[in-house]
Structure formats: structure tokens, C-alpha cells
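The values are calculated or read from the model by the stated rules, or taken from the named source; none is laboratory data. These numbers were taken from a predicted model, which means no experiment stands behind them. Heads up, the Cβs are rebuilt from the backbone with ideal geometry, glycines too, and the neighbour counts pull from every protein chain shown.
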Ligand code: SF4
């Protein structure tokens, strides 16, 4: 098999992993058109300073000794297999980098022989890139749970980001659908990364992937779990991946990937990380996120007794709970009101989304809107339009 065939197989096999922050797309190329969102190989991620970085996203091999029920590459599937040596991967990275196709590498793999054996090959790849080719570009490598501490630390030293996939949202599901994997080992790997970062003053970012919709956990269970990992600083980012029904023997809850659920989970995750909501607050009245309304608006409606909020008096934690006010505008409000009373015009200039926030605020002693009914109606209409097949085809807004 030549290198082009190997790359085609192994970049395609890598597309199910979203922990590098690339997202899936079904859009294929048009006849005689240019580009295809569904193709694999080069994807994008965001670096710590917010830059968008294009990556060669590839597996070292799609051979695997494990048989995870949700995985296309599991050992019991009859698929074409390929393997790239550390040198081949390093050469490809450098060649693509020189041609300006990519700015980094995302390397994952099926498990060959053992976690340690696979990690040794990863380490060899990283060492060729960093020491032999003097490659200073972005490097994201998968940590294989169960690999020895010393190998994990050596990889962390050379990579910019590492990820260890939790894969399924509970220990019970993991033991049923990925019996070769151990949640304890996954957490141990993340803990090794954290301790290495702390003792070496390194800030290697860590992420994980959770497959959503293949098993029965509620949104509350999923988000509560992410909250624990964020609080313990074991993860910087959780990526939620709507389950793609690749194997017929897995009892998937939906045959279509549950993309809307994935989207709502990302919104709830955002509330955890940037708005300092707790999972108990987000799910104070429900176990699953509302599909029709975004989680922040849903929370405000569920807790309407806490509103309206006086924009000229409320503290930061309450200001950012107002739908339509984000952390940036809340900070601007607090800074600006030291100099005088704020009115609608000030809020507009600060980027506050008045179409939402005006239902939840008091300005100059007065409530601006009395009933949230028309806001809810408008939001549901927006959602229905965005999710209606005819509007999707027409691209109407
Ligand atoms: S370890 Fe499991 S998820 Fe990873 S490649 Fe092997 S079968 Fe697939």
C-alpha cells in the first residue's frame, strides 16, 4: 500500500474524534465545485491565544486490539487497515507544513499490542519532529490510558495539547460498551498530566471527548461530570460528540446523530466555564436541557422570581445571569456605572442584547417589559425555523 492510500485510510479513520476541536460536517463537494466539509485529513483547532490553527488530523494506525462497541475501527469490524511509521508521520507533517497546508499535527491511534507500545511510537514521532526536524509547530497527541507515567510525561513535555478520551459519560456505560477500557486509568492519565504541568510550570492544555446519545445518561449527568473535571483542573475542555451510528449492534437512541443535543450541551458547558453557573443551577428544574430554548434563557424562565434585575445595582454574578448580557458587557456595566446612571443607549453601546435582556431588567427604577411571553414565542419560532427542513434547504433566517 503506498503512502497516499495509507493517508486516505488513516485520516478518514480519525474523523470520529472531535477532541482536537474540529467538528463534523456532512456537506460533501458539489459537482464541479470546490471544497468538501465532509472530507477528512485537515481540520482546525484554536490555540491558547485564540488563533485558528489548521491541523493534519490522522491516526498512526486503525488497527486496534480493543473492541469498543461504538467505534468504527474496533477489532471486530472488517475494514481496510493501515499503519504509518513515526518517520512517515513526521515526514508528512514537515512536508505539509512547508507547503503551508497545515500549522500542526493531531495524532491519535488504535491500540497496537499495548498502551505502552503505542505511546512509545507516539513518543518516537514527537522526538523526530521536535529534536531531529526542529519542528516548533503545534502538536496535539492522544494519551493512551494505561500507559506508564514516564511515557505520559515525556509526551506532555513535547506536545502543546494532549487528550485522553473519557468516551462515555459513565463508568457503567464504559464497562458495557468499552470493556477493555478503564475509567480509573483514564483519570489516572489526566492526573499525571496535571501533576506534570504543575511541577514543571507547563501549561499543556488537556481535553477529552464524550460520545453523546449512544447511551442513556441524562444531560444533567453529563454536565455534572464535566463540572467535576473542570473543578479539579483535570481538563481544560470537554468536547461533546453526537454519536454516529457506525455499528449496527449498538442500541443507539437515535439513528441520526443527536446534533441539537450536542449543541445544547456545548451551551451548558459554556455556562459552567464562563458564567460560573453550577450544574445544580442549570438543572434545578430538569434533568435534560430544553431543546427549544438555550440553557441560559431556560434557567432565567425557571427562576423568574429572581428577576427583574436592577442594572445599576446588581452584582456581577447576577448581571451575567441576565439573558443577553455576557461576561464582557457585565464588566463594562460595572465599570461604567461608577460614573453615573446607565440607560438603554449606554447598554446598546456596550453590546448588550436588548432583545433578550430587556425582559429581565429594571432601568431607572422601571421594568422595561412586563411579560416574557413574546420573547419565548419569538425564540421558539427562531428555533423552529432553523430546524425545519424547508428553511434549512432555503437557508432562510
Ligand atoms: S480503543 Fe476503542 S475507541 Fe479507540 S480505536 Fe480501539 S476500538 Fe476504537
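Say whether the condition of being within 16 Å of the ligand (Cβ to nearest atom) and modelled with pLDDT of 70 or more is met by at least one residue in segment 32-52.
The answer is no; no qualifying residue exists.
Report, ordered by the first and then the second residue, all pairs with beta carbons closer than 7 Å, sequence separation of six or more or different chains, a first member in segment 173-192 that is touching a residue at least 24 places away in the same chain (Cβ under 8 Å), and a second member that is within 11 Å of the ligand (Cβ to nearest atom) and in a helix (DSSP H, G or I).
Correct list of pairs: 181/174.
Of all residues in segment 178-207, how many are assigned to a helix (DSSP H, G or I), buried (at least 19 other Cβ atoms within 10 Å of the Cβ) and within 16 Å of the ligand (Cβ to nearest atom)?
2
Residue-by-condition table, conditions (1) in contact with a strand residue (DSSP E or B) (Cβ under 8 Å, 6 or more places away or on another chain); (2) on the phi > 0 side of the Ramachandran plot; (3) not in a loop (DSSP other than H, G, I, E, B):
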site: 110; (1), (2), (3): yes, no, no
site: 118; (1), (2), (3): no, no, yes
site: 124; (1), (2), (3): no, no, yes
site: 135; (1), (2), (3): no, no, no
site: 144; (1), (2), (3): no, no, no
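Working only within segment 161-176, note down all residues that are assigned to a loop (DSSP other than H, G, I, E, B) and buried (at least 20 other Cβ atoms within 10 Å of the Cβ).
164, 165, 166, 168, 169
Might you let me know whether segment 209-222 holds any residue that is touching a strand residue (DSSP E or B) at 6+ places or on another chain (Cβ under 6 Å) and in contact (Cβ under 8 Å) with a residue 60 or more places away in the chain?
Looking for residues that are touching a strand residue (DSSP E or B) at 6+ places or on another chain (Cβ under 6 Å) and in contact (Cβ under 8 Å) with a residue 60 or more places away in the chain, one finds at least one in segment 209-222, hence yes.
Inspect segment 300-314 for any residue being without any contact (Cβ under 8 Å) to a residue 40 or more places away in the chain, in contact with a helix residue (DSSP H, G or I) (Cβ under 7 Å, 6 or more places away or on another chain) and either under 19 Å from residue 275 (Cβ atoms) or surrounded by 15 or more Cβ atoms within 10 Å (Cβ to Cβ) (or both) and give the result as yes or no.
Within segment 300-314, none of the residues are without any contact (Cβ under 8 Å) to a residue 40 or more places away in the chain, in contact with a helix residue (DSSP H, G or I) (Cβ under 7 Å, 6 or more places away or on another chain) and either under 19 Å from residue 275 (Cβ atoms) or surrounded by 15 or more Cβ atoms within 10 Å (Cβ to Cβ) (or both).
Of all residues in segment 76-113, how many are free of Cβ contacts under 8 Å to residues at least 12 places away in the same chain and within 16 Å of the ligand (Cβ to nearest atom)?
Residues flagged as free of Cβ contacts under 8 Å to residues at least 12 places away in the same chain and within 16 Å of the ligand (Cβ to nearest atom) within segment 76-113 amount to 2.
Across segment 125-160, which residue is surrounded by the fewest Cβ atoms within 10 Å (Cβ to Cβ) among those that are under 18 Å from residue 235 (Cα atoms) and out of contact with any helix residue (DSSP H, G or I) (no Cβ under 7 Å at 6 or more places or on another chain)?
If we take residues in segment 125-160 being under 18 Å from residue 235 (Cα atoms) and out of contact with any helix residue (DSSP H, G or I) (no Cβ under 7 Å at 6 or more places or on another chain), then 157 is surrounded by the fewest Cβ atoms within 10 Å (Cβ to Cβ).
Does residue 249 meet the test of being modelled with pLDDT of 95 or more and farther than 26 Å from residue 382 by Cα?
no
Take segment 271-320 and flag every residue that is farther than 23 Å from residue 231 by Cβ and in contact with a strand residue (DSSP E or B) (Cβ under 6 Å, 6 or more places away or on another chain).
308, 309, 310, 311
Quick check on residue 328: is it outside the structural domain of residue 175 (by TED's automatic domain parsing), touching a residue at least 12 places away in the same chain (Cβ under 8 Å), loosely packed, with under 14 Cβ neighbours inside 10 Å and within 28 Å of the chain's Cα centre (by Cα)? Give the steps one after another, and end with the answer.
Working: outside the structural domain of residue 175 (by TED's automatic domain parsing): yes; touching a residue at least 12 places away in the same chain (Cβ under 8 Å): yes; loosely packed, with under 14 Cβ neighbours inside 10 Å: yes; within 28 Å of the chain's Cα centre (by Cα): yes.
It is true that residue 328 is outside the structural domain of residue 175 (by TED's automatic domain parsing), touching a residue at least 12 places away in the same chain (Cβ under 8 Å), loosely packed, with under 14 Cβ neighbours inside 10 Å and within 28 Å of the chain's Cα centre (by Cα).
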